[in-house]
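Read the figures in this text as sums done on the coordinates, not as results from a lab. Note that the structure is a prediction, hence the values are computed from the model and not measured. Cβ placement follows ideal geometry from the backbone for every residue including glycine, while neighbour counts extend to all protein chains displayed.
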Amino acid sequence: MDNTDLISVIIPTYNRAHLIKRSVDSVLNQTYKNIELIIVDDGSTDNTKEVIDSINDKRIKYIYQENQGAASARNKGIDLANGKYIAFQDSDDVWHLDKLEKQLKVLKQNDADVIFCKVFLFGNLRKRIVPKNFKEGFLKKDSLPVEISNATLLGKTEVFLNNKFDMEVPRLQDFELLLRIQKKYSIYCLNEALFDYYLQTDSISNKPEKLLKAWKIIMQKNNDISTKQNSALEFLAFTIIYQAFKIKDIEIKKELINIAFRLSSSYKTKIQYYLHKICFYKMREMLYKSITIPIKNIIKLFKKII
């Protein structure tokens, strides 16, 4: 590998002193060694700095800023990056040790601008691989980059210098970023899980008002979403419905469901909604792929409900 191919890895962190060393070690111990690790501390009040100072590795650059949010911290890291490529990691997640090596190799082989990998998602006492709706190869322009975590991304530095994280979006910042990147650059899917994602109880995903605000901003700034392929719109609508039915606030739930039906009002989406309403959450993947039961049979089964 060319020694000039420096990768700048950016980790934003906020009060993750109890978790961050595991994440940092997964970066520093990569089989690909030509990296710099930029840790942007977004106003932590715990002993994050002491934990980082205890790690003896000259590749680490620690920067402290007043609390402005993860998007601001990632953008700060982008501005400070010296690498030809940039990758993002989160302070509570773990990369597999060959992640960067495999991704850089495939990115260069295919002359892609950005590459992402699959993820082992740990939570609710189970493990699953996401995203499932992408196969090996380039993303089509009429697809939607749903369920792609920023911590799976590796890309040319110029891509992220020209497309920084939107600080107005309180959630789904990776999805919003990739929507913009997709319009001008190529995105490649490496069909291998090289990253472990752990759901945290204090995650922003437990703040429904921020989720709703994020979807409103994304829909407002991306009027062309409705032009995407039907299956992509259905999957995005399914995702929002799934999120909505995990929220207790009735008004926020209703607004999210309305957004889902603005994206897709197909029979599949309607059935998905009613199945969630009667708590059949596990039917989600089956309905989307229509493998286990033909969709026409499901429609007949739920026609009275609809």
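Between Thr45 and Lys108, the simple spin-label model (points 7 angstrom out along Cα→Cβ) gives 4.6 nm. For the stretch 7-203, a simple Cβ point-charge model (Lys and Arg +1, Asp and Glu -1, everything else neutral) yields a dipole of about 700 debye relative to the Cα centre. Highest mean first, the peptides 265-274, 57-66, 242-251, 86-95 sorted by other C-beta atoms within 10 Å per residue fall in the order 86-95, 265-274, 242-251, 57-66.
How much of the DSSP beta bridge set in the stretch 7-203 is antiparallel, as a percent to the nearest 5? So the antiparallel bridges in the stretch 7-203 amount to around 35 percent.
Relative contact order for the chain: 16 percent, from Cα pairs under 8 Å spaced at least 6 residues apart, divided by residue count.
On a 0 to 90° scale, report how tilted helix 230-244 is relative to the longest principal axis of the chain, with both axes built from alpha carbons and the result rounded to the nearest 10. The angle comes out at about 80 degrees.
Rg/Rh for the chain (Cα atoms only, Rh after Kirkwood) is 0.98.
Classify the stretch 64-146 from the C-alpha gyration tensor, please: rounded if a/c falls under 1.5, else prolate or oblate depending on whether a/b exceeds b/c. Taking the square roots of the gyration eigenvalues as a ≥ b ≥ c, the stretch 64-146 is oblate.
Between 0 and 90 degrees, the angle of helix 208-221 with respect to the longest Cα principal axis of the chain falls at about 90 degrees. Using 1/(1 + (r/R0)^6) with R0 = 22 angstrom and r between the beta carbons of Arg180 and Glu158, what's the FRET efficiency to the nearest 0.05? Here the calculated transfer efficiency is 0.95. Legend: distances between Cα atoms for Lys49/Lys102; Lys58/Lys105; Lys105/Lys156; pairs beyond 19 Å are Lys49/Lys102; Lys58/Lys105. The length gained on full extension between Gln220 and Lys140, counted as 0.36 nm times the residue separation minus their Cα-Cα distance, comes to 26.6 nm.
Based on every Cα atom in the stretch 31-109, Rg and the maximum pairwise Cα distance Dmax equal 13.6, 43 Å. Here the spin labels are modelled as points 7 Å beyond Cα on the Cα-Cβ line, and at Gln229 and Asp5 they lie 2.9 nm apart.
Computed extension gain for Lys254 through Tyr242, at 0.36 nm per residue and net of the alpha carbon distance, reaches 3.1 nm. Fully extended, how many nm does the chain gain between Arg262 and Glu192 (0.36 nm per residue separation, minus their Cα-Cα distance)? Here the answer is 21.9 nm. Label-to-label distance for Gln65 and Asn29 is 3.0 nm, based on points extended 7 Å past Cα in the beta-carbon direction. Which residues does the label zone of Lys132 cover in the stretch 229-248, counting backbone N under 12 Å from a point 7 Å along Cα→Cβ? Those under the cut-off are none; the list is empty. Could you give the angle, 0 to 90 degrees to the nearest 10, between helix 70-80's Cα long axis and the longest principal axis of the Cα atoms of the chain? That works out to roughly 40 degrees.
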